[in-house]
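A.B. asks: Here it is, the structure, as structure tokens.
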Amino acid sequence: MAQYRLRDKLKTTGETVPTQLDKEVRNPTLRWIFQIMEGLGIARFEGSSGTDGTGSVRELVTNMTPLRKKIIRLFGPTACRMHGLNPETAF
């Protein structure tokens, strides 16, 4: 379903993603997309404040590239929010 949804979005927007051979396509396999996204991580920072021990938690997405941002954006606003991208400005 995810592969179909991504391919449909690429088709309707006219955008492309590169293959392993740097050929721009509108029909990538989901396996290839997973390989592109491999290495994306989350760094979590916890800080304590106050006497009750509660603190703030900050999470940062690491190893983000323009191509990875593009793929996340193509999956929609929920995917953007999950990866720390503003869905309002990601499009």
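A.B. asks: Please determine, by comparing only the residues of segment 25-43 that are over 15 Å from Pro66 (Cα atoms) and of a type in the set (D, E, K, R), which one is surrounded by the fewest Cβ atoms within 10 Å (Cβ to Cβ).
C.D. replies: Arg31
A.B. asks: Something else: Yes or no: Glu59 within 24 Å of Asn86 (Cα to Cα) and in a loop (DSSP other than H, G, I, E, B)? Explain how you work it out, then say what you get.
C.D. replies: On the way: within 24 Å of Asn86 (Cα to Cα): yes; in a loop (DSSP other than H, G, I, E, B): no.
It is false that Glu59 is within 24 Å of Asn86 (Cα to Cα) and in a loop (DSSP other than H, G, I, E, B).
A.B. asks: Still on this structure, I have one more. Restricting to segment 27-67, count the residues that are in contact with a helix residue (DSSP H, G or I) (Cβ under 9 Å, 6 or more places away or on another chain) and closer than 18 Å to Lys11 by Cα.
C.D. replies: Final tally of qualifying residues: 6.
A.B. asks: Kindly provide the set of residues from segment 11-27 that are part of a loop (DSSP other than H, G, I, E, B) and touching a Ser or Thr at 6+ places or on another chain (Cβ under 7 Å), ordered by number.
C.D. replies: Arg26
A.B. asks: Within segment 77-89, which residues are in contact (Cβ under 8 Å) with a residue 12 or more places away in the chain and in contact with a helix residue (DSSP H, G or I) (Cβ under 9 Å, 6 or more places away or on another chain)?
C.D. replies: Result: His83, Leu85.
A.B. asks: So is Lys23 in contact (Cβ under 8 Å) with a residue 40 or more places away in the chain and basic (Lys, Arg) or not?
C.D. replies: no
A.B. asks: When you look at Arg5, is it free of Cβ contacts under 8 Å to residues at least 60 places away in the same chain and surrounded by 10 or more Cβ atoms within 10 Å (Cβ to Cβ), yes or no?
C.D. replies: No; evaluated as a whole, the condition is false for this residue.
A.B. asks: Would you check which residues across segment 71-91 are among the charged types (D, E, K, R), part of a helix (DSSP H, G or I) and surrounded by fewer than 16 Cβ atoms within 10 Å (Cβ to Cβ) and list them?
C.D. replies: Of the residues in segment 71-91, the ones among the charged types (D, E, K, R) are 73, 81, 88.
Subsequent filtering for residues that are part of a helix (DSSP H, G or I) retains 73, 81.
Answer for segment 71-91, where residues must be among the charged types (D, E, K, R), part of a helix (DSSP H, G or I) and surrounded by fewer than 16 Cβ atoms within 10 Å (Cβ to Cβ): just Arg81.
No value in this document is a laboratory result; all are computed from the given coordinates. The structure displayed is predicted, hence computed values, not measured ones. A quick note on method: Cβ atoms are made from the backbone with ideal geometry, for glycine too, and the neighbour counts reach across all protein chains shown.
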